[in-house]
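This report concerns only the one structure given below.
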Amino acid sequence: MSTEGKSRVMTTRKLQEMKIKGEKIAMLTAYDFTSAKILDEAGIDVILVGDSASNVIAGHETTLPITLDQMIYHAQSVMRAVKNPLVVVDLPFGSYQGNSREAVASAIRIMKESEADAVKLEGGQEVIESVRRILSAGIPVMGHLGLMPQSINKFGTYSVRAKEEAEAAQLIEDALMLEEAGCFAIVLEKIPADLAEKVSALLKIPVIGIGAGGKTDGQVLVMHDMLGLSTEFSPRFLRRYHNLHDEMLSSFRRYIEDVKSCDFPNENEQY
Ligand code: KIV
């Protein structure tokens, strides 16, 4: 599967070539124009318009409440900003699990209304019919296995998945099935590093990890987490590159103080 021929620089084919060359793929989430523009400027390979927007933007406890319309709104905002990276959009909970006809209709809406490059969905054999149908419409699909936040009510916890042999074997089977169906990449979330390494070696398509160790073909993090905007979420896999929470807090406090003390605006800041 390839997006060669379109105007943006990164394509699914290039991601495949990066895997062959052993060049790591860097992916981060974005949900808005300004952040996406900075990510583009930084040289990110892939932007994921993740349904984690449900948590970090809308403040929901889970990813379940976010709607297809809301995902499209975020995807449109991101698409207005980017020139280089491949943009992948999460199909939200309830938009593809029911039946494959609904799945392809949801994916088509995302592609038509946002002009993004690909969709991502969670699951293996239980959603394979939807995956095949979306692919048959010419829409690139990224799979997602391991911890699948849309199934939190089934799992009951966000802890590490596939530690037991049976679940690990099922994950390998699902990964191979997704590749066979034609997915251009898969995300592996919060699974043992040696299992992720094994899957990455078995699959020809790129495997992007989050909490899956350093031997996958690439890494993804939620932007708000790696910038240190969210303070409550501290899993072991998360590396914080900044403490934006504290930076913002102190800027907001200084602004409030300046307004209250009539220091802002000064003579140079008026007409
Ligand atoms: O929604 C999201 O941000 C994701 C990543 C955690 C992979 O699916």
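Among Ile110, Ile172, the sequence by solvent-accessible area, most first, with a 1.4 Å probe is Ile172, Ile110. The order of Asp90, Asp263 by accessible area, most exposed first and with a 1.4 Å probe, is Asp263, Asp90.
As an exercise, use a Förster radius of 25 Å and the Cβ-Cβ distance of Thr67 and Glu126 to find the FRET efficiency, rounded to the nearest 0.05. The pair Thr67/Glu126 has a calculated efficiency of 0.70. Within region 118-227, which trypsin sites (Lys or Arg not before Pro) sit in a loop by DSSP and count at most 10 neighbouring Cβ atoms inside 10 Å? Sites meeting the loop and neighbour criteria: Lys204. A 1.4 Å probe, protein heavy atoms only, puts the accessible area of Val9 near 80 Å².
In region 32-104, which trypsin sites (Lys or Arg not before Pro) fall in coil by DSSP and have 15 or fewer other Cβ atoms within 10 Å?
Working: sites: Lys37, Arg80, Lys83, Arg101; in loops: Arg80, Lys83.
Answer in residue order: Arg80, Lys83.
Largest to smallest in accessible area, the residues Asp32, Asp40 fall in the order Asp32, Asp40 (1.4 Å probe, all protein chains included). GNM, the chain, Cα, under 10 Å: largest mean-square fluctuation among Ser106, Ser77, Ser136? Between Ser106, Ser77, Ser136, it is Ser136 that shows the largest mean-square fluctuation.
Counting only protein heavy atoms and a 1.4 Å probe, tell me what percentage of region 143-226's accessible area is made up of carbon and sulfur. Walk me through the numbers before you get to the answer.
Details: 1880 of 3420 Å².
Exposed carbon and sulfur together represent 55 percent of the surface.
A simple spin-label model places the labels of Ile20 and Ala169 3.4 nm from each other, with each point 7 Å out along Cα-to-Cβ.
Computed in the context of the full set of protein chains, the accessible area of region 1-125 at 1.4 Å probe radius has 51% of its extent on carbon or sulfur. Enumerate by residue number the GluC sites (Glu not before Pro) in region 168-271 meeting two conditions: DSSP loop (anything except H, G, I, E, B), and at most 14 other Cβ atoms within 10 Å of the site's Cβ. Sparse-neighbourhood loop GluC sites (Glu not before Pro): Glu232. Annotation for Tyr255 and Lys198: the two label points, set 7 Å from Cα along the Cα-Cβ direction, are 5.1 nm apart. Computed with a 1.4 Å probe on the full set of protein chains, the accessible area for Ser250 sits at about 50 Å². Once you have the Kirkwood Rh of the chain from its Cα pairs, apply Stokes-Einstein at 20 °C and 1.002 mPa s and quote D in µm²/s. Rounded, D is 111 µm²/s.
The heavy atoms of His242 present about 80 square angstrom of accessible area, all protein chains included, probe 1.4 Å. Computed with a 1.4 Å probe over protein heavy atoms only, the accessible surface of the chain comes to 52 Å² per residue.
The values are calculated or read from the model by the stated rules, or taken from the named source; none is laboratory data. Here the structure is a predicted model, which means the values were calculated and not measured. Because the Cβ atoms are built from the backbone with ideal geometry, glycine has one as well, and the counts that use them run over all protein chains shown. Just the protein is used for accessible areas: all its heavy atoms, side chains included, with ligands, DNA and RNA removed. Shrake-Rupley method; radii C 1.70, N 1.55, O 1.52, S 1.80 Å.
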